[in-house]
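Chemist: Have a look at the structure that comes next, please.
Any read-out appearing in this document is the output of simple, stated calculations on the displayed coordinates, not a laboratory observation. These numbers come from a predicted model, not from an experiment. Here the Cβ is made from the backbone with ideal geometry for all residues, glycine too, and neighbour counts use every protein chain on show.
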Amino acid sequence: MNTTCKHLLLSCLSLLPALLMAEPQTPNIVIILADDIGYGDLSCYGAEKVKTPNCDKLAAGGIRFTDGHSVASVCTPSRYSLITGEYAFRKKGTGIARGIDGLLIDTNKTTLASMLKGAAYTTGVVGKWHLGLGTTPTDYNSEIKPGPLEIGFDSAWLLPATGDRTPCVWVENHRVVNLDPAHPIKLDYDVKRGEPGSFVKGIPRIGGQTGGTAALWDDENLSTVITEKSCAFIDKNKAKPFFLYMATHNIHVPRVPNPKFRGKSDCGVRGDAIVEFDWMVGQVLEKLNSLGLTENTLVILSSDNGGLNDNNGPDAKHGIGDPDATNGHRPNGVLRGTKSTVWEGGTRVPFIARWPAKIKPGTSGALMSQMDLTASLAALTGGKIPAGEARDSENHLAALLGNDTQGREWLIEQSNTGTPFALRHGSWKLMPTGPSKPQIKGTMLFNLAEDLSESKNVAAEHPEKVKEMKAQLERML
Ligand code: CA
């Protein structure tokens, strides 16, 4: 063999792993997205006042990421980015959606769901949507479209916005479930939470609702219904590759855990709602197991934003926390900040991936974003993303499967209040203008490798780093 042939052979051999990886694989994919569960809320992430054995079991059988992120620190923009693979700030009107806002995602957009559908997956969404439905103002008394079915989902069972805003009804595909046409739903978003007209089933909500009484959900059974519908989807589609996006309402307010979970944590109603969430995870894992699907199902568990110690249950005034009842539990562990802030506690969340056939269990410090699931899962399944679509989604499949310790190089963290953006670069974090609550003026720079709690601003000591990161953020916005 001459030297040229040898070199050619060696080049081919070195490409072999990449070629093998490039072979499309179509495991079932289940994304379990919690609502408002923070970095310190699961026992596999250090929680002690609440136990989450099912989440822990999932983590023990897969990869537990310690630097995994939702894209924004509140529901709607976070979910928008997960589904579209684009930063939400690129589209106006992606703040926290009302229950009467129309679909926020353009129907001609490529989404995580449409990409997987194109790769021959059966796709379904069950649970909290909060990305708008129909056209503003949404009419819940007729066919409600466009919605998830128009952006790549084959089926949908939805809680339209959140439990703390109307309408308080389930939507299946294009229709409200159990709606009596003689009693149409009327919503009034001029009604503020706490005003007399805002109470539905005794709980104050944002936006008043009259009519639709027969269709009202039962707050104590939100988790049960979402679990049952998720398991039914898996049952129905067990014979072919499926993608289930299961978005729980737990642990968003109002927290009304089923009575069987009340008092099951040592940190109040908020903790009980986490126990209930863990039960939901356990039911889905058990369903996969009973059908022999565990081995070849990629389960990804994460949360749409960080936690907030608002311990309200149905008996407490909405939004007013009772810190004593939380018994010292810290929703975001050692991280600074909460949901809706640009501190790490806003977007760094539990992030677990399990796929027994391909993933070796362990932990990873790779910088991961939910926004990258579209490109990464396209790389896995052979799904197609047209040029210009999912433009911020990067392929980090190797990191997701634990074959690479390197995730994103750059990541913008988005909040909805005060400072809108922070930028991550490795362990560096830049806040160009400092947060507004509490107000801190000037640029802030943190080295998270030494200071995970963002307690020491080192901007003055690293002017070159600040300059580099400010310039990069400008380029990315
Ligand atoms: Ca949320």
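Chemist: Taking the Cα centre of the stretch 60-193 as origin, work out the dipole magnitude from +1 charges on Lys and Arg Cβ and -1 charges on Asp and Glu Cβ, in debye rounded to 20.
Modeler: That gives the stretch 60-193 a dipole magnitude of about 340 debye.
Chemist: For the stretch 329-477, what is the per residue volume of the convex hull drawn over the alpha-carbon atoms, in cubic angstrom?
Modeler: Hull volume normalised by residue count: 129 Å³.
Chemist: Another question, then. Two-decimal Rg/Rh of the stretch 321-391 from alpha-carbon positions, Kirkwood Rh?
Modeler: Over the Cα atoms of the stretch 321-391, Rg/Rh equals 1.11.
Chemist: Could I ask something else about it? Spin-label point model (7 Å from Cα, Cβ direction): what's the Ser290 to Arg193 distance in nm?
Modeler: 3.6 nm
Chemist: Here's another thing I want to ask about it. Given the peptides 224-236, 160-172, 340-352, 107-119, arrange them by the average over their residues of other C-beta atoms within 10 Å, most packed first.
Modeler: So the order, starting with the most tightly packed, is 340-352, 160-172, 107-119, 224-236.
Chemist: How high is the relative contact order of the stretch 210-289? Use alpha-carbon pairs under 8 Å, at least six apart in sequence, and give a whole percent.
Modeler: 34 percent
Chemist: Okay, next question. Can you work out ³J(HN,Hα) from phi for every residue in the stretch 154-167, in order, using Karplus 6.51 cos²θ - 1.76 cosθ + 1.60 and θ = phi - 60°, giving whole Hz and x for Gly and Pro?
Modeler: Whole-Hz 3J(HN,Hα) from phi for the stretch 154-167: 7, 8, 8, 10, 10, 9, x, 10, 9, x, 9, 9, 6, x.
Chemist: Another question, then. Enumerate the residues in the stretch 224-243 having an amide nitrogen under 19 Å from the point lying 7 Å beyond the Cα of Lys260 toward its Cβ.
Modeler: Taking a point 7 Å out along Cα→Cβ of Lys260, the residues of the stretch 224-243 whose backbone N falls under 19 Å are 224-233.
Chemist: For a footprinting-style exposure proxy, rank Cys267, Cys44 by other Cβ within 10 Å, fewest first.
Modeler: Least to most surrounded, the residues fall as Cys44, Cys267.
Chemist: Can I ask one more? For a quick check: with amide H placed at 1.01 Å from N, whose amide H comes under 5 Å from Arg336's, ignoring anything fewer than 5 positions away on the same chain?
Modeler: Glu344, Gly345
Chemist: A follow-up question, please. Using C-alpha positions alone, give me the convex hull volume of the stretch 418-477 per residue in cubic angstrom.
Modeler: 76 Å³
Chemist: Now a separate question. When the dipole is taken about the Cα centre of the stretch 418-477, and only Lys, Arg (+1) and Asp, Glu (-1) are charged at their Cβ, what size is it in debye, to the nearest 20?
Modeler: Approximately 220 debye in magnitude.
Chemist: Once fully extended, how much extra length lies between Thr210 and Ser142, figured as 0.36 nm per residue of separation less the alpha-carbon to alpha-carbon distance?
Modeler: Taking Thr210 through Ser142 to full extension adds about 22.9 nm, to one decimal.
Chemist: Right, something else. Please report, to two decimal places, log10 I(q)/I(0) for the chain at q = 0.07 Å⁻¹ as given by the Debye formula with identical point scatterers on the Cα atoms and no solvent.
Modeler: After summing over all Cα pairs, the log10 values are -0.35.
Chemist: Counting only DSSP beta bridges with both residues in the chain, tell me the antiparallel percent, nearest 5.
Modeler: Roughly 50 percent of the DSSP beta bridges within the chain come out antiparallel.
Chemist: Select from the stretch 345-420 those GluC sites (Glu not before Pro) which occupy a DSSP coil region and have at most 12 other Cβ atoms within 10 Å, ordered by residue number.
Modeler: Glu409
Chemist: I need to check one value: relative contact order of the chain, counting alpha carbon pairs closer than 8 Å and at least 6 residues apart, in percent.
Modeler: The normalised contact order for the chain reaches 23 percent.
Chemist: Given contacts defined as C-alpha pairs under 8 Å and at least six residues apart, what's the relative contact order of the stretch 418-477, whole-number percent?
Modeler: 26 percent
Chemist: Based on other C-beta atoms within 10 Å, arrange Tyr39, Tyr121 from fewest to most.
Modeler: In increasing order of surrounding Cβ atoms, one gets Tyr121, Tyr39.
Chemist: Could you run the Karplus curve 6.51 cos²θ - 1.76 cosθ + 1.60 with θ = phi - 60° over the stretch 355-363 and give me ³J(HN,Hα) per residue in whole Hz, x for Gly and Pro?
Modeler: 8, x, 5, 10, 9, 7, x, x, 10
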